[in-house]
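Here is the structure we will look at.
The values are calculated or read from the model by the stated rules, or taken from the named source; none is laboratory data. No experiment lies behind these values; they were computed from the predicted model shown. Cβ sites come from the backbone with ideal geometry, for glycine too, and all protein chains shown count toward neighbours. Please note that ligands, DNA and RNA were not included when accessible areas were found on the heavy atoms of the full protein model with its side chains. Shrake-Rupley method; radii C 1.70, N 1.55, O 1.52, S 1.80 Å.
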Amino acid sequence: MIRCVAFDFGEVLSSPDDLYTAPAARLGVDSAAYEASYWEGRRAYDNGGSDASYWTPLLTRLGKRPSPELITEMAHLDASLWARMRPAAREILADVRLGGTKVAILSNAPFVLDMTFAQSDYAEDADYWFVSASMGMSKPDLGVYLRVEEVTECTGGEIAFVDDRPENVHAARERGWLAHLFVSDEDTRSWLAEIGVLADQER
């Protein structure tokens, strides 16, 4: 029996189409150049690295002076873009909880995004928030999945999981979780209906 459904956040509950273009416009650089630099060093940032440790080299590669003010601005802009939960995704969370199943968010994200989550109007839509920066480790590290089991007091067979990255889904399945690779809100809803955790099967 599934007692908790865990959702990745970025590209599962949110899908910012201006993730690269908005910051690039702010900096006055080519969006392709920004995108090419974006993921370099991101894992360390998601694991708890400081804003400066991530944004200083990124801005430098783009030919911008990494002042403390610009670093802070870019960190908060990036977090605000990721933090926009889609209404359809929010409905899914609500329907899972209405069906009597706990909801967890399991996200690889830096501290600034963790703080943005905490201040959001959807912070109470989940029973548990697991953010990599605060844990000091990120998916697909085994410790992440063990932490979720420990805090939720669920065994692997009692947890369902939705993520957009195959390696994270694979790691969850290795722990015995029922895991699904994200495709769309409609596909996620269909899968959750199949495993019997939605309150409203008619949507």
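Here are the numbers for this structure:
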item	result
First in region 1-22 and farther than 15 Å from ASP185 by Cα, second anywhere and among the polar types (S, T, N, Q) and open to solvent by 30 Å² or more (accessible area, probe 1.4 Å), Cβ under 6 Å, 6 or more apart	TYR20/SER31; THR21/SER31
Among residues of region 36-55, those that are open to solvent by 50 Å² or more (accessible area, probe 1.4 Å), part of a helix (DSSP H, G or I) and either farther than 22 Å from GLY136 by Cβ or not hydrophobic (A, V, I, L, M, F, W, C) (or both), counted	3
Region 56-80, residues that are in contact with a Lys or Arg (Cβ under 9 Å, 6 or more places away or on another chain), crowded, with 18+ Cβ neighbours inside 10 Å and closer than 21 Å to PHE9 by Cα	MET74
Residue match in region 134-141 (condition: open to solvent by 60 Å² or more (accessible area, probe 1.4 Å) and farther than 24 Å from ALA171 by Cα)	no
Residue that is nearest to ALA44 (Cα to Cα), among those in region 104-129 that are among the aliphatic types (A, V, I, L, M) and touching a strand residue (DSSP E or B) at 6+ places or on another chain (Cβ under 6 Å)	ALA109
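Here's the yes/no breakdown for (1) basic (Lys, Arg); (2) in a loop (DSSP other than H, G, I, E, B); (3) over 21 Å from PRO16 (Cβ atoms):
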residue: TYR34; (1), (2), (3): no, no, no
residue: LEU58; (1), (2), (3): no, no, no
residue: GLY63; (1), (2), (3): no, yes, yes
residue: LEU77; (1), (2), (3): no, no, no
residue: ARG84; (1), (2), (3): yes, yes, no
residue: LEU93; (1), (2), (3): no, no, no
residue: VAL112; (1), (2), (3): no, no, no
residue: THR116; (1), (2), (3): no, no, no
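For every residue, the table says whether it meets (1) in a loop (DSSP other than H, G, I, E, B); (2) surrounded by fewer than 21 Cβ atoms within 10 Å (Cβ to Cβ).
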site	(1), (2)
TRP129	no, yes
ARG147	no, yes
ALA160	no, no
VAL169	no, no
ASP187	no, yes
LEU192	no, no
ALA199	yes, yes
